[in-house]
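The values are calculated or read from the model by the stated rules, or taken from the named source; none is laboratory data. All values reported here derive from a predicted model rather than from experimental measurement. Cβ placement follows ideal geometry from the backbone for every residue including glycine, while neighbour counts extend to all protein chains displayed. With ligands, DNA and RNA removed, areas are computed over all heavy atoms of the protein, side chains included. Shrake-Rupley method; radii C 1.70, N 1.55, O 1.52, S 1.80 Å.
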Amino acid sequence: MKSNLKFKRVNKNNLKNVLNFLNKFNKKKISINFYVQRYILNFSQSYICKIDDKIIGHVGFVRYTVKKNLFNKKYIFFRHSSLIDKQFRNLKIYKKLCNFAFTKIKKNKNNIGIMIWPNHTNYLRFNSKYQIIFKNNFLTCLNKKKNIVKKKLNIFKLKHIKKIKKISNISFIEKDEKYLKRKYFYSHDKNKYFINILFKNNSESISIFDLDNINLRILEYFGKESHYIDHINDLLCYRKKILFFHKLTKYRNQFEIQKKFQTIAYIFQPKIKKILLQQKALLVLGDTDSFINYEKIK
């Protein structure tokens with residue numbers, strides 16, 4: 001089998017077959033518009049593994065700009081949509097596919113690394129001394145309370161971006177106007193996103209979230225990290241279960257842990273790793289692909 005394996009970058013010529021493969025195994029169907037917007041445009045990349053003419057594996061990478069106050073014109077790729085045909089699992093095909101993709105991405109000196117969210121079946125233990133393991137990756141739940149006054153939902157609109165730009169971004173990737181428009185104002189996206197603003201000690205914090213009948217999911221947060229828990233508590237006014245990422249060093253007794261996400265960055269250069277380790281970056285649900293409603297993006 002080893003000699004029959006072929007690895008290839010996805011392009012518009014093989015896109016139809018790639019979508020057929022993904023939708024055959026995924027519970028949520030991915031549209032061509034979503035795939036192109038996520039993995040073809042904006043210098044993002046995706047790769048497939050084939051045996052003969054049959055696709056048996058896929059992995060996608062979304063490119064994000066690292067904050068300009070850290071590096072000038074540097075990019076990091078978030079790994080999403082990884083899938084191996086069940087018949088070909090446990091044969092190290094996934095690791096070979098990822099290594100092929102890593103080699104291609106690494107060729108550009110402006111690409112500083114890869115961020116992954118592995119589960120127990122696709123955890124990759126690369127022998128990399130430039131590995132960073134993030135700690136604020138507990139999927140956490142704060143239960144709704146009935147005795148809180150309910151607040152009216154505020155739909156996230158383009159006009160809110162100007163306000164967000166004035167507030168600190170504690171991620172290590174650039175979450176500027178371009179990022180927000182591309183992610184939350186995509187014309188084919190039928191999801192509804194909302195915004196919450198909290199004033200505390202003469203400063204503002206803002207969250208972007210979506211919700212269903214039960215849960216409210218914090219997709220983005222802007223503001224001081226010291227106000228993060230206060231902001232989460234403020235979201236109880238919508239009378240939903242609040243889902244968010246947190247490292248839970250001090251608040252373990254207040255919240256219910258739903259799941260622990262492994263969050264690992266593989267950085268290509270030691271100097272860059274050292275700088276990133278000095279950042280107290282906050283990870284949010286919007287950084288992963290696990291909370292995207294694919295079926296509403298036509």
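Summary table below
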{"read-out": "Any hit, region 77-95, residues being out of contact with any Pro (no Cβ under 9 Å at 6 or more places or on another chain), of a type outside the set (Phe, Trp, Tyr), within 30 Å of HIS231 (Cα to Cα) and open to solvent by 30 Å² or more (accessible area, probe 1.4 Å)", "value": "no"}
{"read-out": "Per-region count, region 251-265, residues open to solvent by less than 60 Å² (accessible area, probe 1.4 Å), out of contact with any Phe, Trp or Tyr (no Cβ under 6 Å at 6 or more places or on another chain) and over 14 Å from VAL66 (Cβ atoms)", "value": "3"}
{"read-out": "Selected residue [modelled with pLDDT under 95, within 26 Å of LYS190 (Cβ to Cβ) and of a type outside the set (Asp, Glu)] from LYS12, LYS2, LYS86, LYS68", "value": "LYS12"}
{"read-out": "Qualifying positions in region 1-58 - in contact with an Asp or Glu (Cβ under 6 Å, 6 or more places away or on another chain) and part of a strand (DSSP E or B)", "value": "ILE56"}
{"read-out": "Unmet requirement for PHE138, which otherwise passes all of (1) open to solvent by 100 Å² or more (accessible area, probe 1.4 Å); (2) touching a residue at least 24 places away in the same chain (Cβ under 8 Å)", "value": "(1)"}
{"read-out": "Failed item, numbered, when ILE170 is tested on (1) touching a residue at least 60 places away in the same chain (Cβ under 8 Å); (2) surrounded by fewer than 18 Cβ atoms within 10 Å (Cβ to Cβ); (3) closer than 15 Å to ILE206 by Cβ", "value": "(2)"}
{"read-out": "Verdict on LEU158 being assigned to a strand (DSSP E or B) and open to solvent by 10 Å² or more (accessible area, probe 1.4 Å)", "value": "no"}
